[in-house]
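Structure, as C-alpha coordinates:
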There are 2 protein chains.
Amino acid sequence: VTAKAHLPIGIFDSGIGGLTVVREVHRALPHEDVVYLGDTARVPYGTKSPETVTRFACEDAQFLVRKKVKAIVVACNTASAWALATLQSQFRVPIFGVITPGAQAAWEKTRNRCIGVIATAATIRSRAYQVAIADFDEQAKVIACPCPLLVPLVEEGWLEHKVTQAVLQEYLLPLLREKVDTLILGCTHYPLLKSAIGRIAGRQVALVDSAECCARFITEHLGRAKLLNPQRDRKGRIHSYVTDDTEHFEKMADRFLGFPVEQAWKVELPALLVKR
Amino acid sequence: VTAKAHLPIGIFDSGIGGLTVVREVHRALPHEDVVYLGDTARVPYGTKSPETVTRFACEDAQFLVRKKVKAIVVACNTASAWALATLQSQFRVPIFGVITPGAQAAWEKTRNRCIGVIATAATIRSRAYQVAIADFDEQAKVIACPCPLLVPLVEEGWLEHKVTQAVLQEYLLPLLREKVDTLILGCTHYPLLKSAIGRIAGRQVALVDSAECCARFITEHLGRAKLLNPQRDRKGRIHSYVTDDTEHFEKMADRFLGFPVEQAWKVELPALLVKR
(Lines give C-alpha, C1' and ligand atoms only; values in the text may rest on other atoms or scores of the structure.)
Protein backbone atom coordinates (compact mmCIF):
# COMPACT_ATOMS: atom_id res chain seq x y z
CA VAL A 1 0.00 0.00 0.00
CA THR A 2 1.30 3.48 -0.82
CA ALA A 3 1.27 6.48 1.54
CA LYS A 4 -1.48 8.04 -0.58
CA ALA A 5 -3.90 5.19 0.14
CA HIS A 6 -5.32 7.09 3.12
CA LEU A 7 -6.33 10.07 1.00
CA PRO A 8 -9.93 10.52 -0.22
CA ILE A 9 -11.26 9.72 -3.69
CA GLY A 10 -12.32 12.83 -5.63
CA ILE A 11 -15.50 12.68 -7.70
CA PHE A 12 -16.88 15.55 -9.78
CA ASP A 13 -19.95 16.17 -11.88
CA SER A 14 -21.70 19.04 -13.63
CA GLY A 15 -24.23 19.09 -10.80
CA ILE A 16 -26.10 16.83 -8.49
CA GLY A 17 -26.45 13.69 -10.66
CA GLY A 18 -22.91 12.49 -9.94
CA LEU A 19 -24.16 11.48 -6.52
CA THR A 20 -25.43 8.30 -8.20
CA VAL A 21 -21.74 7.48 -8.77
CA VAL A 22 -20.88 8.46 -5.18
CA ARG A 23 -23.62 6.11 -3.99
CA GLU A 24 -22.14 3.15 -5.88
CA VAL A 25 -18.54 3.98 -4.89
CA HIS A 26 -19.63 4.28 -1.26
CA ARG A 27 -21.48 0.96 -1.52
CA ALA A 28 -18.42 -0.79 -3.01
CA LEU A 29 -15.87 0.95 -0.80
CA PRO A 30 -17.67 2.06 2.38
CA HIS A 31 -14.41 2.73 4.25
CA GLU A 32 -13.10 5.26 1.69
CA ASP A 33 -13.51 9.01 2.13
CA VAL A 34 -14.95 10.86 -0.84
CA VAL A 35 -14.63 14.52 -1.83
CA TYR A 36 -17.49 15.43 -4.18
CA LEU A 37 -17.64 18.55 -6.35
CA GLY A 38 -20.87 19.47 -8.17
CA ASP A 39 -20.55 22.45 -10.53
CA THR A 40 -24.15 23.47 -9.84
CA ALA A 41 -23.63 27.11 -10.92
CA ARG A 42 -22.87 26.04 -14.49
CA VAL A 43 -24.93 22.83 -14.78
CA PRO A 44 -25.75 21.25 -17.23
CA TYR A 45 -22.71 20.30 -19.34
CA GLY A 46 -24.68 18.03 -21.69
CA THR A 47 -25.99 20.86 -23.86
CA LYS A 48 -22.63 22.64 -24.23
CA SER A 49 -19.65 22.56 -26.58
CA PRO A 50 -16.53 20.34 -26.27
CA GLU A 51 -14.28 23.35 -25.56
CA THR A 52 -16.50 24.69 -22.79
CA VAL A 53 -17.02 21.26 -21.21
CA THR A 54 -13.25 20.63 -21.27
CA ARG A 55 -12.47 23.99 -19.66
CA PHE A 56 -15.05 23.41 -16.92
CA ALA A 57 -13.80 19.84 -16.32
CA CYS A 58 -10.19 21.04 -15.94
CA GLU A 59 -11.30 23.63 -13.38
CA ASP A 60 -13.24 20.96 -11.49
CA ALA A 61 -10.25 18.58 -11.48
CA GLN A 62 -7.88 21.34 -10.35
CA PHE A 63 -10.16 21.99 -7.37
CA LEU A 64 -10.07 18.30 -6.37
CA VAL A 65 -6.29 18.06 -6.82
CA ARG A 66 -5.91 20.93 -4.35
CA LYS A 67 -8.07 18.96 -1.90
CA LYS A 68 -5.36 16.26 -2.07
CA VAL A 69 -7.31 13.36 -3.48
CA LYS A 70 -5.59 10.11 -4.48
CA ALA A 71 -7.65 9.68 -7.66
CA ILE A 72 -10.39 11.48 -9.56
CA VAL A 73 -13.59 10.00 -10.96
CA VAL A 74 -15.32 12.00 -13.68
CA ALA A 75 -18.92 11.08 -12.83
CA CYS A 76 -20.37 13.21 -15.62
CA ASN A 77 -20.74 11.27 -18.86
CA THR A 78 -20.42 14.40 -20.98
CA ALA A 79 -17.18 15.47 -19.26
CA SER A 80 -15.87 11.88 -19.52
CA ALA A 81 -16.73 11.84 -23.21
CA TRP A 82 -15.07 15.12 -24.16
CA ALA A 83 -12.43 15.88 -21.52
CA LEU A 84 -10.92 12.64 -20.16
CA ALA A 85 -7.82 12.59 -22.38
CA THR A 86 -7.10 16.27 -21.69
CA LEU A 87 -7.56 15.77 -17.95
CA GLN A 88 -5.22 12.76 -17.93
CA SER A 89 -2.55 14.76 -19.76
CA GLN A 90 -2.87 17.79 -17.44
CA PHE A 91 -2.91 16.17 -13.99
CA ARG A 92 -0.67 13.53 -12.41
CA VAL A 93 -3.30 11.89 -10.24
CA PRO A 94 -5.08 8.84 -11.77
CA ILE A 95 -8.31 9.95 -13.47
CA PHE A 96 -11.19 7.63 -14.38
CA GLY A 97 -14.25 8.26 -16.53
CA VAL A 98 -17.57 6.44 -16.78
CA ILE A 99 -17.52 5.66 -20.51
CA THR A 100 -15.05 2.75 -20.68
CA PRO A 101 -16.59 0.90 -17.69
CA GLY A 102 -20.06 1.27 -19.24
CA ALA A 103 -18.87 0.13 -22.66
CA GLN A 104 -17.11 -2.88 -21.16
CA ALA A 105 -20.18 -3.94 -19.16
CA ALA A 106 -22.39 -3.63 -22.25
CA TRP A 107 -19.95 -5.71 -24.29
CA GLU A 108 -19.98 -8.39 -21.57
CA LYS A 109 -23.78 -8.45 -21.43
CA THR A 110 -24.83 -8.31 -25.08
CA ARG A 111 -25.62 -11.57 -26.85
CA ASN A 112 -26.70 -10.22 -30.24
CA ARG A 113 -23.93 -7.53 -30.32
CA CYS A 114 -26.51 -4.80 -30.78
CA ILE A 115 -26.14 -2.16 -28.04
CA GLY A 116 -28.21 0.95 -27.41
CA VAL A 117 -26.90 4.11 -25.74
CA ILE A 118 -29.02 6.90 -24.32
CA ALA A 119 -27.26 10.06 -23.10
CA THR A 120 -27.14 13.85 -23.40
CA ALA A 121 -26.85 15.48 -26.82
CA ALA A 122 -23.18 16.31 -26.17
CA THR A 123 -22.24 12.77 -25.10
CA ILE A 124 -23.91 11.26 -28.16
CA ARG A 125 -22.30 13.83 -30.46
CA SER A 126 -18.86 12.92 -29.05
CA ARG A 127 -19.28 9.29 -30.24
CA ALA A 128 -17.31 8.29 -27.11
CA TYR A 129 -19.45 5.22 -26.37
CA GLN A 130 -19.31 4.08 -30.00
CA VAL A 131 -15.50 4.32 -29.96
CA ALA A 132 -15.17 2.62 -26.56
CA ILE A 133 -17.44 -0.27 -27.58
CA ALA A 134 -15.50 -0.73 -30.82
CA ASP A 135 -12.36 -1.16 -28.71
CA PHE A 136 -13.97 -4.31 -27.26
CA ASP A 137 -15.81 -5.50 -30.37
CA GLU A 138 -15.31 -3.80 -33.70
CA GLN A 139 -18.33 -5.58 -35.18
CA ALA A 140 -20.82 -4.58 -32.50
CA LYS A 141 -23.70 -2.44 -33.73
CA VAL A 142 -24.30 0.66 -31.59
CA ILE A 143 -27.55 2.66 -31.79
CA ALA A 144 -27.27 5.98 -29.97
CA CYS A 145 -30.06 8.38 -29.04
CA PRO A 146 -29.76 11.81 -27.40
CA CYS A 147 -32.46 12.27 -24.72
CA PRO A 148 -32.34 15.94 -23.64
CA LEU A 149 -35.66 15.85 -21.77
CA LEU A 150 -34.76 13.09 -19.30
CA VAL A 151 -32.57 15.18 -16.99
CA PRO A 152 -35.24 17.89 -16.56
CA LEU A 153 -37.89 15.19 -15.95
CA VAL A 154 -35.77 13.57 -13.23
CA GLU A 155 -35.07 16.97 -11.63
CA GLU A 156 -38.81 17.71 -11.70
CA GLY A 157 -39.24 14.41 -9.81
CA TRP A 158 -41.59 12.95 -12.45
CA LEU A 159 -39.98 9.50 -12.24
CA GLU A 160 -43.22 7.54 -12.69
CA HIS A 161 -45.29 10.23 -14.44
CA LYS A 162 -47.28 9.40 -17.59
CA VAL A 163 -45.46 12.23 -19.38
CA THR A 164 -42.12 10.58 -18.61
CA GLN A 165 -43.53 7.32 -19.91
CA ALA A 166 -44.55 9.03 -23.19
CA VAL A 167 -41.15 10.75 -23.56
CA LEU A 168 -39.30 7.49 -22.92
CA GLN A 169 -41.46 5.72 -25.47
CA GLU A 170 -40.65 8.32 -28.10
CA TYR A 171 -36.91 8.11 -27.38
CA LEU A 172 -36.65 4.31 -26.96
CA LEU A 173 -38.88 2.95 -29.72
CA PRO A 174 -36.31 3.49 -32.51
CA LEU A 175 -33.68 1.60 -30.44
CA LEU A 176 -36.08 -1.24 -29.70
CA ARG A 177 -37.06 -1.48 -33.35
CA GLU A 178 -33.36 -2.12 -34.08
CA LYS A 179 -33.50 -5.00 -31.54
CA VAL A 180 -30.87 -3.79 -29.10
CA ASP A 181 -30.55 -6.38 -26.30
CA THR A 182 -28.43 -4.12 -24.04
CA LEU A 183 -29.00 -0.47 -23.19
CA ILE A 184 -26.40 1.83 -21.64
CA LEU A 185 -27.85 4.49 -19.33
CA GLY A 186 -25.21 7.04 -20.32
CA CYS A 187 -26.03 9.90 -17.95
CA THR A 188 -25.84 10.17 -14.16
CA HIS A 189 -29.55 10.97 -13.90
CA TYR A 190 -30.84 7.95 -15.78
CA PRO A 191 -30.44 5.29 -13.05
CA LEU A 192 -33.39 7.01 -11.34
CA LEU A 193 -35.50 6.10 -14.38
CA LYS A 194 -34.37 2.48 -14.39
CA SER A 195 -37.76 1.02 -13.55
CA ALA A 196 -39.65 3.26 -16.00
CA ILE A 197 -37.12 2.39 -18.73
CA GLY A 198 -37.31 -1.31 -17.85
CA ARG A 199 -41.09 -1.29 -18.29
CA ILE A 200 -40.76 0.01 -21.85
CA ALA A 201 -37.65 -1.92 -22.87
CA GLY A 202 -38.89 -5.20 -21.41
CA ARG A 203 -36.97 -7.92 -19.58
CA GLN A 204 -35.11 -9.09 -22.66
CA VAL A 205 -33.09 -5.83 -22.68
CA ALA A 206 -30.25 -5.64 -20.13
CA LEU A 207 -29.79 -2.18 -18.62
CA VAL A 208 -26.23 -1.00 -17.97
CA ASP A 209 -25.99 1.53 -15.15
CA SER A 210 -22.74 3.41 -15.74
CA ALA A 211 -22.53 4.39 -12.05
CA GLU A 212 -22.42 0.75 -10.96
CA CYS A 213 -19.88 -0.27 -13.61
CA CYS A 214 -17.71 2.69 -12.76
CA ALA A 215 -17.57 1.74 -9.05
CA ARG A 216 -16.46 -1.81 -9.94
CA PHE A 217 -13.90 -0.44 -12.41
CA ILE A 218 -12.23 1.94 -9.96
CA THR A 219 -12.23 -0.63 -7.13
CA GLU A 220 -10.23 -2.90 -9.42
CA HIS A 221 -7.88 -0.17 -10.66
CA LEU A 222 -7.22 1.42 -7.26
CA GLY A 223 -6.55 -2.08 -5.87
CA ARG A 224 -4.03 -2.79 -8.60
CA ALA A 225 -2.33 0.59 -7.98
CA LYS A 226 -2.22 -0.17 -4.23
CA LEU A 227 -4.32 2.91 -3.55
CA LEU A 228 -7.17 1.31 -1.58
CA ASN A 229 -7.40 2.41 2.03
CA PRO A 230 -6.19 -0.56 4.16
CA GLN A 231 -8.26 0.47 7.23
CA ARG A 232 -11.34 -1.47 6.26
CA ASP A 233 -13.17 -1.15 9.58
CA ARG A 234 -13.65 2.63 9.42
CA LYS A 235 -16.69 4.43 7.99
CA GLY A 236 -15.85 6.66 5.05
CA ARG A 237 -17.13 10.23 4.98
CA ILE A 238 -18.52 12.16 2.03
CA HIS A 239 -17.51 15.83 1.84
CA SER A 240 -19.53 17.80 -0.70
CA TYR A 241 -18.69 21.07 -2.43
CA VAL A 242 -20.92 22.93 -4.88
CA THR A 243 -20.50 26.12 -6.93
CA ASP A 244 -24.08 27.33 -6.39
CA ASP A 245 -26.08 27.56 -3.20
CA THR A 246 -25.95 24.52 -0.88
CA GLU A 247 -29.60 24.48 0.15
CA HIS A 248 -31.06 23.10 -3.10
CA PHE A 249 -28.22 20.57 -3.28
CA GLU A 250 -28.79 19.30 0.25
CA LYS A 251 -32.52 19.03 -0.40
CA MET A 252 -32.16 17.08 -3.66
CA ALA A 253 -29.15 14.98 -2.63
CA ASP A 254 -30.86 11.99 -1.08
CA ARG A 255 -32.92 11.38 -4.23
CA PHE A 256 -29.60 10.56 -5.94
CA LEU A 257 -27.52 9.32 -3.04
CA GLY A 258 -30.15 7.18 -1.34
CA PHE A 259 -29.37 8.76 2.07
CA PRO A 260 -29.01 12.35 3.32
CA VAL A 261 -25.78 14.14 2.53
CA GLU A 262 -23.67 15.84 5.23
CA GLN A 263 -23.54 19.63 5.13
CA ALA A 264 -22.22 20.88 1.77
CA TRP A 265 -19.92 23.87 1.19
CA LYS A 266 -20.19 26.54 -1.49
CA VAL A 267 -16.96 27.33 -3.35
CA GLU A 268 -15.80 29.48 -6.24
CA LEU A 269 -13.59 27.64 -8.72
CA PRO A 270 -10.37 29.55 -9.40
CA ALA A 271 -9.27 30.02 -13.01
CA LEU A 272 -7.02 27.34 -14.45
CA LEU A 273 -3.33 27.36 -13.60
CA VAL A 274 -2.37 24.30 -15.60
CA LYS A 275 -1.35 25.04 -19.16
CA ARG A 276 -3.86 23.98 -21.84
CA VAL B 1 -31.66 64.08 -28.64
CA THR B 2 -28.48 63.33 -26.68
CA ALA B 3 -25.10 62.39 -28.18
CA LYS B 4 -25.62 58.85 -26.90
CA ALA B 5 -28.74 58.35 -29.02
CA HIS B 6 -26.63 56.87 -31.83
CA LEU B 7 -25.26 54.09 -29.63
CA PRO B 8 -26.72 50.56 -29.71
CA ILE B 9 -29.16 49.07 -27.20
CA GLY B 10 -27.63 46.24 -25.14
CA ILE B 11 -29.74 43.16 -24.42
CA PHE B 12 -28.60 40.15 -22.41
CA ASP B 13 -30.03 36.79 -21.49
CA SER B 14 -28.90 33.54 -19.89
CA GLY B 15 -28.85 31.99 -23.36
CA ILE B 16 -30.67 31.98 -26.63
CA GLY B 17 -34.23 32.74 -25.45
CA GLY B 18 -33.60 36.48 -25.10
CA LEU B 19 -33.74 36.66 -28.87
CA THR B 20 -37.55 36.76 -28.48
CA VAL B 21 -36.99 40.16 -26.82
CA VAL B 22 -34.53 41.19 -29.55
CA ARG B 23 -37.19 40.29 -32.13
CA GLU B 24 -39.78 42.56 -30.51
CA VAL B 25 -37.30 45.42 -29.95
CA HIS B 26 -36.19 45.14 -33.58
CA ARG B 27 -39.81 45.13 -34.72
CA ALA B 28 -40.64 48.23 -32.64
CA LEU B 29 -37.36 50.05 -33.37
CA PRO B 30 -36.01 48.67 -36.65
CA HIS B 31 -33.50 51.52 -37.05
CA GLU B 32 -31.75 50.86 -33.71
CA ASP B 33 -28.58 48.78 -33.44
CA VAL B 34 -28.63 46.00 -30.86
CA VAL B 35 -25.75 44.28 -29.06
CA TYR B 36 -26.94 40.91 -27.74
CA LEU B 37 -25.13 38.79 -25.16
CA GLY B 38 -26.26 35.21 -24.48
CA ASP B 39 -24.46 33.52 -21.56
CA THR B 40 -24.76 30.14 -23.24
CA ALA B 41 -21.85 28.58 -21.29
CA ARG B 42 -23.75 28.96 -18.00
CA VAL B 43 -27.36 28.71 -19.17
CA PRO B 44 -29.91 28.24 -17.58
CA TYR B 45 -30.27 30.82 -14.79
CA GLY B 46 -33.81 29.74 -13.86
CA THR B 47 -32.69 26.79 -11.74
CA LYS B 48 -30.00 28.68 -9.82
CA SER B 49 -29.74 30.74 -6.63
CA PRO B 50 -30.29 34.52 -6.29
CA GLU B 51 -26.60 35.13 -5.47
CA THR B 52 -25.33 33.20 -8.48
CA VAL B 53 -27.88 34.76 -10.86
CA THR B 54 -26.96 38.24 -9.59
CA ARG B 55 -23.23 37.62 -10.03
CA PHE B 56 -23.75 36.32 -13.58
CA ALA B 57 -26.08 39.24 -14.46
CA CYS B 58 -23.50 41.81 -13.24
CA GLU B 59 -20.83 40.17 -15.40
CA ASP B 60 -23.18 40.23 -18.40
CA ALA B 61 -24.02 43.92 -17.86
CA GLN B 62 -20.36 44.83 -17.43
CA PHE B 63 -19.63 43.25 -20.82
CA LEU B 64 -22.37 45.32 -22.49
CA VAL B 65 -21.26 48.55 -20.77
CA ARG B 66 -17.79 48.01 -22.25
CA LYS B 67 -19.44 47.67 -25.67
CA LYS B 68 -20.71 51.25 -25.15
CA VAL B 69 -24.45 50.68 -25.19
CA LYS B 70 -26.89 53.50 -24.36
CA ALA B 71 -29.21 51.28 -22.32
CA ILE B 72 -29.43 47.67 -21.17
CA VAL B 73 -32.43 45.37 -21.37
CA VAL B 74 -32.38 42.33 -19.08
CA ALA B 75 -34.27 39.93 -21.34
CA CYS B 76 -34.02 37.04 -18.87
CA ASN B 77 -36.98 36.98 -16.48
CA THR B 78 -34.95 35.26 -13.75
CA ALA B 79 -32.17 37.86 -13.93
CA SER B 80 -34.78 40.65 -14.01
CA ALA B 81 -36.46 39.13 -10.98
CA TRP B 82 -33.37 38.76 -8.81
CA ALA B 83 -30.76 41.19 -10.10
CA LEU B 84 -32.42 44.34 -11.49
CA ALA B 85 -32.04 46.49 -8.37
CA THR B 86 -28.39 45.47 -7.94
CA LEU B 87 -27.67 46.14 -11.62
CA GLN B 88 -29.28 49.58 -11.43
CA SER B 89 -27.19 50.47 -8.39
CA GLN B 90 -23.93 49.24 -9.95
CA PHE B 91 -24.08 50.73 -13.45
CA ARG B 92 -24.90 54.28 -14.64
CA VAL B 93 -26.53 53.31 -17.94
CA PRO B 94 -30.36 52.96 -17.83
CA ILE B 95 -31.30 49.32 -17.22
CA PHE B 96 -34.72 47.81 -17.91
CA GLY B 97 -36.14 44.43 -16.92
CA VAL B 98 -39.07 42.45 -18.29
CA ILE B 99 -41.05 42.06 -15.05
CA THR B 100 -42.61 45.53 -14.64
CA PRO B 101 -43.71 45.77 -18.30
CA GLY B 102 -45.33 42.33 -18.05
CA ALA B 103 -47.03 43.13 -14.76
CA GLN B 104 -48.36 46.41 -16.15
CA ALA B 105 -49.75 44.77 -19.29
CA ALA B 106 -51.46 42.08 -17.21
CA TRP B 107 -53.00 44.72 -14.93
CA GLU B 108 -54.31 46.58 -17.99
CA LYS B 109 -55.80 43.41 -19.49
CA THR B 110 -57.41 41.67 -16.53
CA ARG B 111 -61.11 42.18 -15.92
CA ASN B 112 -61.60 39.89 -12.92
CA ARG B 113 -58.27 40.92 -11.28
CA CYS B 114 -57.13 37.30 -11.20
CA ILE B 115 -53.77 36.93 -12.98
CA GLY B 116 -51.72 33.80 -13.63
CA VAL B 117 -47.92 33.73 -13.98
CA ILE B 118 -45.89 30.89 -15.43
CA ALA B 119 -42.09 31.11 -15.23
CA THR B 120 -38.94 29.31 -14.09
CA ALA B 121 -38.67 28.03 -10.52
CA ALA B 122 -36.28 30.87 -9.61
CA THR B 123 -38.53 33.62 -11.02
CA ILE B 124 -41.58 32.28 -9.17
CA ARG B 125 -39.58 31.90 -5.94
CA SER B 126 -38.49 35.54 -6.20
CA ARG B 127 -42.16 36.71 -6.06
CA ALA B 128 -41.09 39.53 -8.41
CA TYR B 129 -44.28 39.36 -10.52
CA GLN B 130 -46.49 39.26 -7.41
CA VAL B 131 -44.76 42.35 -6.03
CA ALA B 132 -44.86 44.22 -9.36
CA ILE B 133 -48.58 43.47 -9.88
CA ALA B 134 -49.36 44.61 -6.32
CA ASP B 135 -47.73 47.96 -7.22
CA PHE B 136 -50.51 48.44 -9.79
CA ASP B 137 -53.36 46.78 -7.87
CA GLU B 138 -52.90 45.65 -4.32
CA GLN B 139 -56.12 43.64 -4.42
CA ALA B 140 -55.30 41.62 -7.55
CA LYS B 141 -55.06 37.88 -7.00
CA VAL B 142 -51.92 36.32 -8.49
CA ILE B 143 -51.57 32.57 -9.04
CA ALA B 144 -48.00 31.59 -9.86
CA CYS B 145 -46.74 28.27 -11.19
CA PRO B 146 -43.12 27.21 -11.83
CA CYS B 147 -42.83 25.30 -15.13
CA PRO B 148 -39.30 23.86 -15.28
CA LEU B 149 -40.03 21.50 -18.18
CA LEU B 150 -41.13 24.12 -20.70
CA VAL B 151 -37.66 25.47 -21.55
CA PRO B 152 -36.27 21.98 -22.33
CA LEU B 153 -39.37 21.18 -24.41
CA VAL B 154 -38.93 24.36 -26.47
CA GLU B 155 -35.22 23.66 -26.93
CA GLU B 156 -36.07 20.12 -28.06
CA GLY B 157 -38.38 21.77 -30.65
CA TRP B 158 -41.47 19.91 -29.42
CA LEU B 159 -43.68 22.99 -29.78
CA GLU B 160 -46.78 21.09 -30.94
CA HIS B 161 -45.94 17.66 -29.51
CA LYS B 162 -48.54 15.68 -27.56
CA VAL B 163 -46.07 15.47 -24.64
CA THR B 164 -45.89 19.28 -24.51
CA GLN B 165 -49.68 19.37 -24.57
CA ALA B 166 -49.79 16.98 -21.57
CA VAL B 167 -47.14 18.92 -19.63
CA LEU B 168 -48.94 22.23 -20.25
CA GLN B 169 -52.20 20.69 -19.12
CA GLU B 170 -50.62 19.56 -15.86
CA TYR B 171 -49.07 22.99 -15.22
CA LEU B 172 -52.02 25.13 -16.34
CA LEU B 173 -55.05 23.30 -14.93
CA PRO B 174 -54.57 24.61 -11.35
CA LEU B 175 -54.39 28.19 -12.71
CA LEU B 176 -57.48 27.71 -14.87
CA ARG B 177 -59.38 26.21 -11.96
CA GLU B 178 -58.72 29.47 -10.10
CA LYS B 179 -60.32 31.32 -13.06
CA VAL B 180 -57.37 33.50 -14.08
CA ASP B 181 -58.44 35.63 -17.06
CA THR B 182 -54.90 36.83 -17.86
CA LEU B 183 -51.73 34.75 -18.04
CA ILE B 184 -48.20 36.18 -18.02
CA LEU B 185 -45.69 34.15 -20.07
CA GLY B 186 -42.84 34.94 -17.68
CA CYS B 187 -39.90 33.35 -19.50
CA THR B 188 -38.24 34.21 -22.81
CA HIS B 189 -38.93 30.73 -24.20
CA TYR B 190 -42.67 30.71 -23.60
CA PRO B 191 -43.78 32.94 -26.52
CA LEU B 192 -42.88 29.97 -28.75
CA LEU B 193 -45.56 27.97 -26.95
CA LYS B 194 -48.20 30.68 -27.33
CA SER B 195 -50.47 28.71 -29.62
CA ALA B 196 -50.18 25.48 -27.57
CA ILE B 197 -50.91 27.45 -24.39
CA GLY B 198 -53.79 29.28 -26.06
CA ARG B 199 -55.44 25.99 -27.02
CA ILE B 200 -55.47 24.85 -23.38
CA ALA B 201 -56.23 28.19 -21.75
CA GLY B 202 -58.98 29.07 -24.23
CA ARG B 203 -59.89 32.43 -25.79
CA GLN B 204 -61.23 33.89 -22.58
CA VAL B 205 -57.69 34.00 -21.12
CA ALA B 206 -55.51 36.87 -22.39
CA LEU B 207 -51.84 35.89 -22.85
CA VAL B 208 -49.22 38.48 -21.91
CA ASP B 209 -45.97 38.08 -23.83
CA SER B 210 -43.31 39.78 -21.73
CA ALA B 211 -41.08 40.28 -24.78
CA GLU B 212 -43.74 42.38 -26.53
CA CYS B 213 -44.54 44.46 -23.44
CA CYS B 214 -40.88 45.03 -22.79
CA ALA B 215 -40.30 46.42 -26.31
CA ARG B 216 -43.18 48.89 -25.86
CA PHE B 217 -41.90 49.86 -22.42
CA ILE B 218 -38.35 50.65 -23.52
CA THR B 219 -39.53 52.49 -26.65
CA GLU B 220 -41.48 54.79 -24.36
CA HIS B 221 -38.69 55.20 -21.80
CA LEU B 222 -35.88 55.73 -24.31
CA GLY B 223 -38.07 58.28 -26.08
CA ARG B 224 -38.65 60.18 -22.85
CA ALA B 225 -34.90 60.11 -22.09
CA LYS B 226 -34.17 61.41 -25.63
CA LEU B 227 -32.15 58.28 -26.31
CA LEU B 228 -33.92 57.07 -29.47
CA ASN B 229 -31.80 57.14 -32.61
CA PRO B 230 -33.09 60.07 -34.74
CA GLN B 231 -31.94 58.49 -38.04
CA ARG B 232 -35.15 56.63 -38.69
CA ASP B 233 -34.41 55.64 -42.29
CA ARG B 234 -31.46 53.37 -41.49
CA LYS B 235 -31.63 49.61 -40.89
CA GLY B 236 -30.45 48.58 -37.43
CA ARG B 237 -27.95 45.75 -37.07
CA ILE B 238 -27.90 42.98 -34.47
CA HIS B 239 -24.47 42.01 -33.13
CA SER B 240 -24.50 38.79 -31.13
CA TYR B 241 -22.02 37.53 -28.54
CA VAL B 242 -22.19 34.21 -26.72
CA THR B 243 -20.04 32.57 -24.02
CA ASP B 244 -20.23 29.06 -25.53
CA ASP B 245 -19.68 27.96 -29.09
CA THR B 246 -21.39 30.05 -31.80
CA GLU B 247 -22.51 27.20 -34.06
CA HIS B 248 -25.39 25.92 -31.94
CA PHE B 249 -26.49 29.52 -31.30
CA GLU B 250 -26.53 30.42 -34.98
CA LYS B 251 -28.46 27.25 -35.78
CA MET B 252 -31.13 27.79 -33.12
CA ALA B 253 -31.35 31.59 -33.43
CA ASP B 254 -34.01 31.92 -36.09
CA ARG B 255 -36.46 29.79 -34.10
CA PHE B 256 -36.45 32.63 -31.52
CA LEU B 257 -35.67 35.64 -33.69
CA GLY B 258 -37.90 34.80 -36.65
CA PHE B 259 -35.06 35.44 -39.11
CA PRO B 260 -31.42 34.28 -39.34
CA VAL B 261 -28.90 35.99 -37.08
CA GLU B 262 -25.67 37.54 -38.42
CA GLN B 263 -22.45 35.79 -37.45
CA ALA B 264 -22.07 35.55 -33.66
CA TRP B 265 -18.84 35.93 -31.66
CA LYS B 266 -17.64 33.82 -28.75
CA VAL B 267 -16.36 35.76 -25.74
CA GLU B 268 -15.11 35.08 -22.22
CA LEU B 269 -16.68 37.30 -19.59
CA PRO B 270 -14.05 38.96 -17.41
CA ALA B 271 -14.49 38.87 -13.64
CA LEU B 272 -16.39 41.76 -12.10
CA LEU B 273 -14.59 45.05 -11.55
CA VAL B 274 -17.53 46.92 -10.04
CA LYS B 275 -17.77 46.66 -6.28
CA ARG B 276 -20.58 44.46 -4.96
| request: Please state which one of A:170, A:155, A:178 is surrounded by fewer than 19 Cβ atoms within 10 Å (Cβ to Cβ) and within 14 Å of chain B (Cβ to nearest Cβ). | output: A:170
| message | Within the range A:98-157, considering only helices (runs of 4 or more DSSP H) that don't extend past its boundaries, which have at least 2 residues that are at pLDDT 95 or above and farther than 26 Å from residue A:22 by Cβ? | response | A:128-136
| message | As an exercise: evaluate residue B:198 against (1) in a helix (DSSP H, G or I); (2) touching an Asp or Glu at 6+ places or on another chain (Cβ under 6 Å) and give the number of the one condition it does not meet. | response | (2)
| Between residues in the range B:228-254 that are away from chain A (no Cβ under 11 Å) and residues that are among the β-branched types (Val, Ile, Thr) and open to solvent by 80 Å² or more (accessible area, probe 1.4 Å), which pairs lie under 7 Å by C-beta distance while being six or more apart or on different chains? | B:230/B:1
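Can you say whether residue B:122 is away from chain A (no Cβ under 14 Å), open to solvent by less than 20 Å² (accessible area, probe 1.4 Å), under 23 Å from residue B:61 (Cβ atoms) and under 16 Å from the mean Cα position of the chain (by Cα), as far as the supplied structure shows?
For residue B:122, the condition - away from chain A (no Cβ under 14 Å), open to solvent by less than 20 Å² (accessible area, probe 1.4 Å), under 23 Å from residue B:61 (Cβ atoms) and under 16 Å from the mean Cα position of the chain (by Cα) - is not met.
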| query | Which one of A:83, A:79, A:57 is under 23 Å from residue A:117 (Cα atoms), out of contact with any Lys or Arg (no Cβ under 6 Å at 6 or more places or on another chain), free of Cβ contacts under 8 Å to residues at least 40 places away in the same chain and open to solvent by less than 40 Å² (accessible area, probe 1.4 Å)? | reply | A:83
| message | If I ask for residues that are in contact with a helix residue (DSSP H, G or I) (Cβ under 7 Å, 6 or more places away or on another chain), surrounded by fewer than 21 Cβ atoms within 10 Å (Cβ to Cβ) and among the polar types (S, T, N, Q), which ones from the range A:188-220 would you list? | response | A:219
| task | Quick one: in the range B:125-152, of everything that is of a type in the set (Val, Ile, Thr) and in contact (Cβ under 8 Å) with a residue 24 or more places away in the chain, which residue is nearest to the other protein chains (Cβ to nearest Cβ)? | result | B:151
| Residues of the range B:18-48 being at the interface with chain A (Cβ under 10 Å from one of its Cβ atoms) and open to solvent by 10 Å² or more (accessible area, probe 1.4 Å), which ones? | B:40, B:42, B:43, B:44, B:47
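The values are calculated or read from the model by the stated rules, or taken from the named source; none is laboratory data. Computed from a predicted structure; not experimentally measured. Glycine gets a Cβ as well: all are built from the backbone with ideal geometry, and neighbour counts include every protein chain shown. Note: accessible area is taken over every heavy atom of the protein model, side chains too, but ligands, DNA and RNA are not part of it. Shrake-Rupley method; radii C 1.70, N 1.55, O 1.52, S 1.80 Å.
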